[in-house]
Amino acid sequence: MNENINTTMNTTEPTTPTPEATGGQGEKLFTQDEVNRIVSERLARERAKGEPDERETALVEREKAIKAKESRYACEDYLKEVGIIGKSRDAFLEVLDTSDFDRFKTIVDRLGGPYISKVTVTGAEVAHPPMNSGATLESRIADAFKPKI
């Protein structure tokens with residue numbers, strides 16, 4: 001009985017008949033290792049074809065869309081920076097390609113000369129009363145609202 005148990009325990013994989021053993025008739029049977037190897041080889045060949053799968057394609061498209069939005073925002077900021085606002089800004093954004101910020105900036109600098117105004121904001125010239133003039137706050141407010149003739 002011990003011999004019978006030992007012989008069944010030593011054979012972990014059942015042997016499958018091959019076409020040669022059965023006289024060349026019947027179908028070939030594969031072990032799990034052979035099936036795994038065949039499937040892996042086919043998958044490797046498919047991947048090597050260079051065709052990205054749907055997930056990769058979706059990720060690439062999403063990345064392109066994000067970069068396009070970032071570039072457009074950079075272009076909008078640049079137009080604000082150089083003082084092109086309103087309808088002119090909208091026209092530049094509509095007509096010019098905003099996908100490449102550096103190229104957009106170059107074109108705006110060349111075409112936008114008449115539109116670009118370097119504005120410097122300064123405070124209005126206001127006469128400041130001397131600090132110790134002896135005038136009260138009420139009198140200074142009244143002076144500010146007097147009609148100037």
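The values are calculated or read from the model by the stated rules, or taken from the named source; none is laboratory data. All values derive from a computational prediction rather than experimental measurement. Note: ideal-geometry Cβ built from the backbone for every residue, glycine included; neighbour counts use all protein chains shown.
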(request) Please go through the stretch 24-58 and pick out each residue that is of a type in the set (Asp, Glu), modelled with pLDDT under 85 and either assigned to a helix (DSSP H, G or I) or on the phi > 0 side of the Ramachandran plot (or both). (result) Glu46, Glu54, Glu56
(request) State all residues of the stretch 59-99 that are part of a helix (DSSP H, G or I), modelled with pLDDT under 90 and small (Gly, Ala, Ser); if no residue qualifies, say none. (result) Ser88, Ala91
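Residues are listed down the side, and each one gets a yes or a no for (1) farther than 30 Å from Arg110 by Cβ; (2) touching a Gly at 6+ places or on another chain (Cβ under 8 Å):
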| site | (1), (2) |
| --- | --- |
| Glu41 | yes, no |
| Arg47 | yes, no |
| Ala58 | yes, no |
| Leu79 | no, no |
| Phe92 | no, yes |
(request) Give Asp102, Asp109 a once-over and let me know the one that is surrounded by fewer than 11 Cβ atoms within 10 Å (Cβ to Cβ), modelled with pLDDT of 65 or more and charged (D, E, K, R). (result) Asp102
